[in-house]
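Have a look at the structure below, then the notes.
The values are calculated or read from the model by the stated rules, or taken from the named source; none is laboratory data. Please read these numbers as outputs of a predicted model, since none were measured by experiment. Here the Cβ positions follow ideal geometry from the backbone for every residue, glycine too, while neighbour counts run over all protein chains shown.
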Amino acid sequence: MSFVDLGNRRVGVVMLHGACAMSCLFCITENVIEEMRPEQVSKVIRLIKSRGMESVVFGGGEPLQWRYSLAEVIREAKLLGLHSQVGTNGVGLTPDKVQELKADRYVLPLDSIKPETHDYLRRGYRWHFALMQKRFDYLRREKIPFTVSTVVCRLNLEDLEGIAEYLLSLYKNGAYIHAWHLYNFLPYGRNGKPNETILKISKEEYMSATERVKLMQLPFYVFRRPNMQLSREVDFFWYQNGSLKIGSEVWGYKSVSV
């Protein structure tokens, strides 16, 4: 066993609340996450800035279901000089919403190139795969940067190269894809733990599948994310039991097998 020093971060993820209309099989969000009020979000983004971080990601739950003005806190973050991102399931990310929010970048999911697999994993919205294609195409046409996230699990382990080819075709047709994040499935949260049996893969399987993608030398960043609790780049901020929680302080030093 070895201890991993979590170190300094450059990205802060603000978990605005825990609610989401979808019910993805691998959802890692905990039900204990409480909704932030706007003044609490302001406090958090100022804290992120004071820690020397460069970027803030507004997430959840689903940030577009937050009952307050997401556009306003994005504006506040940008005035502080923070690069602003929205991590969303894409359902509410209509063209009008994109123009209202004016975030610097959006983070959207794609978990298989096979519609039936993606839609099985991303439950709660019928034909979610088709909707993602529509969202990607709009962002491409408007030349708005976006990042793609994939949760690598048992059901899509052999699909990564197909996703890579699809993203490459978008890129060649003008999409400003900043990065592709390959998250290892973790059996945590409200849906991750109950679905561990059907989704879990070994560390070796994850590394092998993602290595094949890395070898493709895609023209955008490809990041392995084996466990975000151990990230040296990203920290998480949420409210629980009425107080602010910070991932690096809650998780501290994590003991992991190396």
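Some notes on this structure:
- Leading residue by the ranking (modelled with the lowest pLDDT) among those in segment 216-253 that are surrounded by 14 or more Cβ atoms within 10 Å (Cβ to Cβ) and of a type in the set (D, E, K, R): E233
- Filtered residues of segment 201-215 (kept if in a loop (DSSP other than H, G, I, E, B) and either touching a helix residue (DSSP H, G or I) at 6+ places or on another chain (Cβ under 6 Å) or surrounded by fewer than 16 Cβ atoms within 10 Å (Cβ to Cβ) (or both)): S202, L215
- Residue within segment 51-62 that is assigned to a helix (DSSP H, G or I), of a type in the set (S, T, Y) and farther than 17 Å from G189 by Cβ present: no
- The set of residues from segment 135-170 being of a type in the set (A, V, I, L, M) and outside any loop (DSSP other than H, G, I, E, B) comprises L139, V148, V151, V152, L160, I163, A164, L167, L168, L170.
- Those residues of segment 119-134 which are in a helix (DSSP H, G or I) and closer than 18 Å to V151 by Cβ, in sequence order: D119, Y120, L121, H128, F129, L131, M132
- Among residues of segment 83-118, those that are surrounded by fewer than 20 Cβ atoms within 10 Å (Cβ to Cβ) and either assigned to a loop (DSSP other than H, G, I, E, B) or more than 16 Å from the chain's Cα centre (by Cα) (or both), counted: 16
- When segment 222-244 is filtered for residues that are within 24 Å of M207 (Cβ to Cβ) and either in contact with a Phe, Trp or Tyr (Cβ under 6 Å, 6 or more places away or on another chain) or outside any strand (DSSP E or B) (or both), the ones remaining, listed by number, are V222, R225, P226, N227, M228, Q229, L230, S231, R232, E233.
- Residue in segment 71-79 that is modelled with pLDDT of 95 or more and touching a Cys at 6+ places or on another chain (Cβ under 9 Å) present: no
- Among the residues of segment 177-200, the one identified as in a loop (DSSP other than H, G, I, E, B) and in contact with a strand residue (DSSP E or B) (Cβ under 7 Å, 6 or more places away or on another chain) is F185.
- Residue under evaluation R190, criteria (1) out of contact with any helix residue (DSSP H, G or I) (no Cβ under 9 Å at 6 or more places or on another chain); (2) farther than 20 Å from V13 by Cβ, criterion not met: (2)
- Subset of segment 39-60 [farther than 18 Å from K102 by Cβ and among the β-branched types (V, I, T)]: V44, I48
- One residue stands out among those in segment 204-228 that are without any contact (Cβ under 8 Å) to a residue 40 or more places away in the chain and not aliphatic (A, V, I, L, M): the one that is farthest from M22 (Cα to Cα), which is Q217.
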